[in-house]
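Single-structure report; data block below.
The values are calculated or read from the model by the stated rules, or taken from the named source; none is laboratory data. These numbers were taken from a predicted model, which means no experiment stands behind them. Because the Cβ atoms are built from the backbone with ideal geometry, glycine has one as well, and the counts that use them run over all protein chains shown.
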Amino acid sequence: MRRRRYGVGAVATRTLLTAVGALGVAAPAAAQDGEQLYRTFCIACHTVGGGRLVGPDLAGVTERRTEAWLIPFIQRSESVIASGDPDALALRAEYPGLAMPDWPLSGDEVRAILAYVSGGAASAASAAPPVPATFTPQEAEMGLHLFQGTTRFAGGGPACNSCHEVSHDAVIGGGILAADLTAVFSRLGGAGVRAVVGSPPFPVMERAYRGRALTEEEQHAILAFLQRADAEQAFQQPRDYGVRLVQAGLVGAALLLGLYTLVWSGRRRGPVNHEIFARQVSST
């Protein structure tokens, strides 16, 4: 059997072709991974060339910031802000009350997202339907019932006020696990609110609605109610549960005191044995 021999040039050529082939396969895969990661972690709050949403437009972000800055900020933004980084502090000041969650992304995964974003991904702009300037009263009423859980979401997700509070007289007090949503329409705008409701970017919220996403009709109704709550917040009665709890406690204490007084007034003044002994002594 003859053994085929390759010269140094042939070996080098084969090696080069193999490397080029690997790159040709890896490059589209990396771009695809970057798009998937972007749509999983970023699209709810950011666009690329579509303007501000919940957070800033990411068009040109790799030109404004270095990779060495972007990777740790995307992974752990609060840590970078706490370090006193001036650019991070400027972003915090520009978006008060908002915090980007820490993401479990490796450096390579962040680079894949940045490659997708910097590649001019036209499809990365928010594709959510436009938010109307006004909603009907019926839509807002439906959203109110969905928000506080008197009407269940079709997918079985938890009611909004299990975690959020809204100052509105028609809504019972909500939870304090997440932000107060009374003025969220003013803070984020309709497009931002729709983006968060449609594709929750926050870890706890994402887990709560995983596999139980809201329908388009439900999202629309929630937006309608939140817009109404924002517009009418000045006309709502303030909720002061502390005063109410104190008042309820005082009333309850007064009722218990009255009950104890009635019971105590009917008690025996002395032991039965003493009465028997007193009668025996008087009869002798």
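Just one of the listed residues (189, 258, 249) is at pLDDT 75 or above and within 30 Å of residue 155 (Cα to Cα), and it is 189. Among residues of the range 178-201 that are farther than 11 Å from residue 226 by Cβ, those with a beta-carbon under 7 Å from a residue that is at pLDDT 85 or above and among the hydrophobic types (A, V, I, L, M, F, W, C) at least six positions away or on a different chain give the pairs 178/163. Of all residues in the range 135-169, those satisfying the criterion of being over 18 Å from the mean Cα position of the chain (by Cα) and hydrophobic (A, V, I, L, M, F, W, C) are 135, 140, 142, 144, 154.
Which of the residues that make up the range 189-209 are closer than 13 Å to residue 98 by Cβ and more than 13 Å from the chain's Cα centre (by Cα)? Break it down stepwise before answering.
Filtering the range 189-209 for residues closer than 13 Å to residue 98 by Cβ gives 189, 192-193, 195-196, 201-202.
Selection gives 189 alone.
Those helices (runs of 4 or more DSSP H) of the range 57-96 in which at least 3 residues are among the aliphatic types (A, V, I, L, M) and in contact (Cβ under 8 Å) with a residue 24 or more places away in the chain, considering only elements entirely within it, cover 67-75.
So which residues in the range 74-90 are within 19 Å of the chain's Cα centre (by Cα) and of a type in the set (A, V, I, L, M, F, W, C), if there are any at all? Within the range 74-90, just 74 meets the criteria.
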